[in-house]
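Asker: If you scroll down you'll find the structure; I have some questions about it.
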Amino acid sequence: MDNGLRYALAFLLPLAGTLALTPVAARVARALGFMDRPTPNKIHRQATPYLGGLAVAGGLMVVAALTAGASGELVTILAGGLALFVLGLIDDWRTVSPATKIMVEVGAAVALWVVGVRGGLFGTVLDLPLMVLWVVAVTNAFNLLDNMDGLLSGVAGVAALTFFLIAAGRGDYLVASFSLAVAGAALGFLGHNFPPARIFMGDAGSLFLGFLLASIGLKLDLVGPTGLARIAIPALICGVPLFDTALVVVARIREGRPPHAGGTDHSSHRLAARGMNGRGIALLTYSTQAVLSGIALWLVGASDGSVLIAVPTVAIAVLAMLVGFLRTPVPERHWAGRT
């Protein structure tokens with residue numbers, strides 16, 4: 001099959017499938033009572049269906065399975081994603097403890113290691129704990145980013161498209177097609193989730209997408225760039241979720257609260273406290289991720305000297321932003337929220 005046609009099908013079929021399945025998932029959610037109801041401690045003001053992850057997984061899995069073909073590595077990625085989807089679905093219905101989530105995520109990460117999906121930073125057993133840390137961090141970062149309408153699906157779409165550009169540029173057509181399938185599913189859901197959202201993704205969808213993107217980051221062929229660039233490139237592509245997670249973890253530890261406790265203290269909530277509306281916050285978030293992804297694309301072909309200058313510069317800028325957000329007030333009710 002021509003690569004152009006393969007890429008078009010890999011993107012368009014999940015896009016169309018998720019667009020079509022999301023209203024069905026909303027009806028099922030209403031019938032089963034999978035509704036996120038407003039309370040004094042939540043941002044949204046009306047009961048909203050909570051099964052969007054079902055549509056995302058449904059729109060993606062068949063096409064992704066065909067894309068995976070005979071690749072044991074991609075099949076394992078799909079299996080791990082499905083395990084996280086089921087875990088998230090249970091959590092959407094009845095709360096799952098953070099320890100249980102971490103154990104399942106670690107198990108999925110180890111499964112990737114066993115079949116050969118590895119970062120390859122050191123080429124030794126040291127890669128295993130770093131890989132597990134990456135998978136757990138990115139999976140939970142995308143899960144935590146699902147705290148306001150449209151954020152997760154839009155950022156996931158931008159990240160997946162960036163992974164596609166890198167993989168396609170290096171001739172890795174399988175990973176490129178898989179990345180496009182993830183992008184199609186995420187952006188298809190965004191059609192129903194952009195503010196004001198008609199349905200939420202829930203933990204089923206956010207954990208599913210987070211794990212798939214973490215896994216794709218490990219599958220990238222980054223043999224050429226230096227070790228510093230090989231760390232920075234996938235981190236930048238997942239930069240907005242990782243930044244938001246770092247923000248809430250630091251903020252909650254400073255306040256003496258558990259990092260996993262829900263709250264309206266995310267970067268999006270702080271922007272809302274400054275007067276931005278939901279659509280403005282979503283568009284700013286997408287733009288920020290696009291800028292970080294652009295830097296990541298540049299790093300792929302940058303010289304070693306340029307990398308040594310650029311990466312610390314970006315790190316300092318991100319640290320300054322983190323300090324700035326920590327000084328930004330949060331809404332008064334910040335002890336509970338969607339995440």
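Asker: Could you please let me know if V115 is more than 20 Å from I237 (Cα to Cα), of a type in the set (A, V, I, L, M, F, W, C) and either at pLDDT 90 or above or surrounded by 15 or more Cβ atoms within 10 Å (Cβ to Cβ) (or both)? Lay out the reasoning, then the answer.
Answerer: Details: more than 20 Å from I237 (Cα to Cα): yes; of a type in the set (A, V, I, L, M, F, W, C): yes; either at pLDDT 90 or above or surrounded by 15 or more Cβ atoms within 10 Å (Cβ to Cβ) (or both): yes.
Yes, satisfied.
Asker: With the requirement that a residue be over 21 Å from L161 (Cβ atoms) and charged (D, E, K, R), what does segment 223-271 give you?
Answerer: R252, R254, E255, R257, D265, R270
Asker: Oh, and also: Could you grab the pairs with beta carbons closer than 7 Å, sequence gap of 6+ or different chains, first residue in segment 143-157 and within 12 Å of G210 (Cβ to Cβ), second one charged (D, E, K, R) and not in a helix (DSSP H, G or I)?
Answerer: Filtered contacts from segment 143-157: D146/R338; L152/D146.
Asker: Filter segment 282-326 down to residues that are part of a helix (DSSP H, G or I) and in contact with a Pro (Cβ under 8 Å, 6 or more places away or on another chain), then give me how many there are. Outline the logic, then answer.
Answerer: Initial filter on segment 282-326 (part of a helix (DSSP H, G or I)): 282-300, 304-326.
Imposing the further condition that a residue be in contact with a Pro (Cβ under 8 Å, 6 or more places away or on another chain) reduces the set to 282, 296, 299-300, 307.
Number satisfying all stated conditions: 5.
Asker: Now, a different point. I'm told G157 meets every condition in (1) closer than 22 Å to D91 by Cβ; (2) assigned to a helix (DSSP H, G or I) except one. Can you identify the failing condition by its number?
Answerer: Status for G157: all satisfied but (1).
Asker: Right, something else. Here are some conditions: (1) over 11 Å from the mean Cα position of the chain (by Cα); (2) over 23 Å from A10 (Cα atoms); (3) surrounded by 24 or more Cβ atoms within 10 Å (Cβ to Cβ). G188 meets all but one. Which one does it not meet?
Answerer: Of everything listed in (1) over 11 Å from the mean Cα position of the chain (by Cα); (2) over 23 Å from A10 (Cα atoms); (3) surrounded by 24 or more Cβ atoms within 10 Å (Cβ to Cβ), G188 misses just condition (2).
Asker: For segment 194-201, indicate whether the set of residues that are within 21 Å of I102 (Cα to Cα), touching a helix residue (DSSP H, G or I) at 6+ places or on another chain (Cβ under 8 Å) and among the aromatic types (F, W, Y) is non-empty. Please lay out each step first, then the result.
Answerer: So in segment 194-201, the residues within 21 Å of I102 (Cα to Cα) come out as 201.
Right, trim to touching a helix residue (DSSP H, G or I) at 6+ places or on another chain (Cβ under 8 Å) and you get 201.
Remaining after also requiring among the aromatic types (F, W, Y): none.
The answer is no, given that none of the residues of segment 194-201 is within 21 Å of I102 (Cα to Cα), touching a helix residue (DSSP H, G or I) at 6+ places or on another chain (Cβ under 8 Å) and among the aromatic types (F, W, Y).
Asker: Another question about this same structure. Only one of L236, L242 is surrounded by 20 or more Cβ atoms within 10 Å (Cβ to Cβ), under 24 Å from A99 (Cβ atoms) and either touching a Ser or Thr at 6+ places or on another chain (Cβ under 6 Å) or in contact (Cβ under 8 Å) with a residue 60 or more places away in the chain (or both); which? Steps first, answer last, please.
Answerer: Details: L236 fails: under 24 Å from A99 (Cβ atoms).
Being surrounded by 20 or more Cβ atoms within 10 Å (Cβ to Cβ), under 24 Å from A99 (Cβ atoms) and either touching a Ser or Thr at 6+ places or on another chain (Cβ under 6 Å) or in contact (Cβ under 8 Å) with a residue 60 or more places away in the chain (or both) holds for just one of L236, L242, which is L242.
Asker: How many residues, within segment 217-232, are within 26 Å of I316 (Cβ to Cβ) and either surrounded by 21 or more Cβ atoms within 10 Å (Cβ to Cβ) or modelled with pLDDT of 70 or more (or both)? Even if it seems obvious, please write down each step before you answer.
Answerer: As a first pass, look at segment 217-232 and keep what is within 26 Å of I316 (Cβ to Cβ): 217, 220, 222, 224-232.
Add one more test, that the residue is either surrounded by 21 or more Cβ atoms within 10 Å (Cβ to Cβ) or modelled with pLDDT of 70 or more (or both), and what stays is 217, 220, 222, 227-232.
Residues flagged as within 26 Å of I316 (Cβ to Cβ) and either surrounded by 21 or more Cβ atoms within 10 Å (Cβ to Cβ) or modelled with pLDDT of 70 or more (or both) within segment 217-232 amount to 9.
Asker: Turning to a different aspect of this structure: Please state which of the following conditions L133 fails to meet, knowing it meets all the rest: (1) touching a residue at least 24 places away in the same chain (Cβ under 8 Å); (2) under 17 Å from the mean Cα position of the chain (by Cα).
Answerer: Here L133 clears every test but (1).
Asker: Now for a separate question. Check A214 against each of (1) surrounded by fewer than 24 Cβ atoms within 10 Å (Cβ to Cβ); (2) of a type in the set (G, A, S); (3) within 23 Å of V314 (Cα to Cα) and name the one condition it does not meet.
Answerer: Every condition holds for A214 apart from (1).
Asker: Tally time: how many residues in segment 22-39 are hydrophobic (A, V, I, L, M, F, W, C), buried (at least 22 other Cβ atoms within 10 Å of the Cβ) and either at pLDDT 90 or above or out of contact with any Phe, Trp or Tyr (no Cβ under 7 Å at 6 or more places or on another chain) (or both)?
Answerer: 2
Asker: A further question on this structure: Which numbered condition trips up N147, out of (1) surrounded by fewer than 23 Cβ atoms within 10 Å (Cβ to Cβ); (2) at pLDDT below 90?
Answerer: (1)
Asker: Considering only residues that are of a type in the set (G, A, S), crowded, with 21+ Cβ neighbours inside 10 Å and within 20 Å of I233 (Cβ to Cβ), which ones fall in segment 264-319? Walk me through it before giving the result.
Answerer: So the first thing to find is which residues in segment 264-319 are of a type in the set (G, A, S), and the list is 267-268, 272-273, 275, 278, 280, 282, 287, 290, 293-294, 296, 301-303, 305-306, 310, 315, 317.
From what's left, crowded, with 21+ Cβ neighbours inside 10 Å: 267-268, 282, 293, 296.
Selection gives S293, A296.
Asker: Continuing with this model, one more query. Given the criteria in a helix (DSSP H, G or I) and under 29 Å from W298 (Cβ atoms), does A99 qualify?
Answerer: Details: in a helix (DSSP H, G or I): yes; under 29 Å from W298 (Cβ atoms): no.
Answer is no for this residue.
Asker: Considering only segment 82-98, how many residues are surrounded by fewer than 13 Cβ atoms within 10 Å (Cβ to Cβ) and either farther than 15 Å from N143 by Cα or at pLDDT 95 or above (or both)? Step through it out loud before you land on a result.
Answerer: Of segment 82-98, the ones surrounded by fewer than 13 Cβ atoms within 10 Å (Cβ to Cβ) are 94-95, 97.
Checking which are either farther than 15 Å from N143 by Cα or at pLDDT 95 or above (or both) leaves us with 94.
Residues in segment 82-98 being surrounded by fewer than 13 Cβ atoms within 10 Å (Cβ to Cβ) and either farther than 15 Å from N143 by Cα or at pLDDT 95 or above (or both): 1 in total.
The values are calculated or read from the model by the stated rules, or taken from the named source; none is laboratory data. Because the structure is predicted, anything quoted here is derived from the model rather than measured. Ideal geometry is used to build each Cβ from the backbone, glycine not excepted, and the neighbour counts take in all protein chains shown.
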